[in-house]
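A quick write-up on the structure given underneath.
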Amino acid sequence: MAGKKILIVDDEPMFRTLMIQCLRPLVKEDVEFLTAEDGFIALKMANSEEPDLIFLDLMMPGMDGIEVCRLIKTNERLKHIQVVILTARKHPQDKEIGKLSGADKYLVKPFEPKDILQCAQEALGLLPASA
């Protein structure tokens, strides 16, 4: 079986690095990490790489995360990709907009690294035996 892919989309380089550190234990599960710094690149990578999971920021220059999510979830070829919105926006209406765009999950920054790892394990079907 080919390895799984996670695409991390955020306009902040340090945040992308932090996410990879949180998800580092998944390397032993043959998970590959991809990154994108804006929505346009994220959409291009979703089309070319077809990741299994996308962690997607909402607030980015150019195309925002809501539009990226909507375009992925309305594409027959890509709609199976799990999309987790990961943002500082925590108002109920933001969460509702995320849900309406097709996001599978909505998480708010700041977060606990273990929660990000668990979210990825669940989305990829890689839960440890003790869970």
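Derivation of every value follows stated rules applied to the coordinates shown; laboratory data play no part. A quick note: this is a predicted structure, and the numbers were derived from the prediction, not measured. Backbone-built Cβ (ideal geometry, glycine too); neighbour counts: all protein chains shown.
Points worth noting:
- Residue list for segment 31-57, restricted to those being of a type in the set (S, T, N, Q) and more than 17 Å from Phe15 (Cα to Cα): Asn47, Ser48
- Matching residues in segment 17-55 - criterion: being touching a Lys or Arg at 6+ places or on another chain (Cβ under 6 Å) and without any contact (Cβ under 8 Å) to a residue 24 or more places away in the chain: none
- Residues in segment 83-121 that are exposed (fewer than 15 other Cβ atoms within 10 Å of the Cβ) and charged (D, E, K, R): Lys90, Glu96, Lys99, Lys109, Glu112, Lys114, Asp115.
- Residue among Met60, Met14 that alone is over 27 Å from Leu127 (Cβ atoms), in a loop (DSSP other than H, G, I, E, B) and without any contact (Cβ under 8 Å) to a residue 60 or more places away in the chain: Met60
- Segment 63-73, residues that are assigned to a loop (DSSP other than H, G, I, E, B) and of a type in the set (A, V, I, L, M, F, W, C): Met63
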